[in-house]
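The values are calculated or read from the model by the stated rules, or taken from the named source; none is laboratory data. Owing to the predicted nature of the structure, the values given are computational and were not obtained by experimental measurement. Cβ sites come from the backbone with ideal geometry, for glycine too, and all protein chains shown count toward neighbours. The area values use the complete protein model at the heavy-atom level, side chains included, leaving out ligands, DNA and RNA. Shrake-Rupley method; radii C 1.70, N 1.55, O 1.52, S 1.80 Å.
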Amino acid sequence: MKKTQISHVLVAIDAGVASRNILQAGIVLANRFNARLNAVFIEDIDLFHVAELPFVREYIYGSPAGRLVNVAGMERSVQTQTARLRKLVESIAQQNKIEITFDVLRGNIASALCDASKQTDLLVIGKNTQLRTKNQKIGNITRFILSTANCNVVVLQYGNIIERPVVVSFTGSETSQNALSLAIELAYEDHNQLIVLLPAVDAREYQKLGEAINDSVQGHSLQVSLVKLSHNTAEQ
């Protein structure tokens, strides 16, 4: 199997408390692949569109009265967030003695990240666990990025750093071959355990996929576990 080349790691951060852990995960991956590391913050254009509406109010928990929201106030709030994140990136870079560039973009978060993915090899994002319904396992932004991004994508449980073992989905396609190659690189000499998710297919196709995986991991001291999905959905 052709080894996956990772020379540029892009980490998506926001104003949430998990950004520090996501940055640390980016550092681990950048060091693993000897790649340059870039952090990006997307200023959500939808917030500015909402702020243009004359009836919008902001309510703080415990306060009975709301306050008007306007574009100027939203601009100040976002700029404060941006400055705070810039300092966070600089601080973490100094602590870990690594160079991290920081970019700020404005637009739709999912679309902007997918556009940015065209210039990187590996995109690291956090999966928000605070979803509206219990049946929803993956948010709309994450779903859009996974289906649209033009690079390898690592999804972290929101608020956590890289967890083990590595899990990868494999369908036999060229794209999933690349994903499997990346997963092997992440698992090998680190935890040596790899879980491969296989789609809901018949027994013949399942055997074919299993043989392809065995061929790929030959020469690696990996403990591989195969998990067959009951049906092919993003939630699965």
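Which order do Thr233, Thr175 take by accessible area at a 1.4 Å probe, largest first?
Thr175, Thr233
Please determine, in degrees from 0 to 90 and to the nearest 10, the orientation of helix 203-217 with respect to the longest principal axis defined by the Cα atoms of the chain, where the helix direction is its Cα long axis.
Result, in degrees: 90.
Going from most exposed to least, what order do Ser147, Ser176, Ser7 have by accessible area with a 1.4 Å probe? Spell out each step's value before the answer.
Values: Ser147 90, Ser176 10, Ser7 65 Å².
Largest accessible area first, the list is Ser147, Ser7, Ser176.
Would you mind counting up the charge near Val153? Only other residues with Cβ under 12 Å from its Cβ, with Lys and Arg at +1 and Asp and Glu at -1. Don't skip to the answer; put the middle values down first.
Values: positive: Lys127, Arg143; negative: Asp121.
Net of charged neighbours comes to +1.
Among the aspartates and glutamates, select those whose C-alpha is under 13 Å from the C-alpha of Lys228, and discard any that sit fewer than 8 residues away in the same chain.
Correct list for Lys228: Asp202, Glu205.
If Rh is defined by the Kirkwood formula over all Cα pairs and Rg also comes from Cα, what ratio Rg/Rh do you get for the chain?
Computed over Cα atoms, the ratio is 1.02.
Per residue and in Å³, how big is the convex hull formed by the alpha-carbon atoms of the range 18-101?
Measuring per residue, one finds 108 Å³ for the Cα hull of the range 18-101.
Per DSSP helix of 4 or more residues, -39500 (n - 2.57); summed, then divided by the residues of the chain. What does that give at 222 nm, rounded to the nearest 500?
-12500 deg cm²/dmol
Leaving ligands, DNA and RNA out of it, work out the accessible area of Ser169 with a 1.4 Å probe and give it in Å² to the nearest 10.
Accessible surface of Ser169 is approximately 70 Å².
From the residues Leu209, Gln119, Ala18, which one has its Cα farthest along the dipole of the chain in the positive direction, the dipole being from +1 and -1 charges on Cβ of Lys/Arg and Asp/Glu about the Cα centre?
The one lying farthest along the dipole's positive direction is Ala18.
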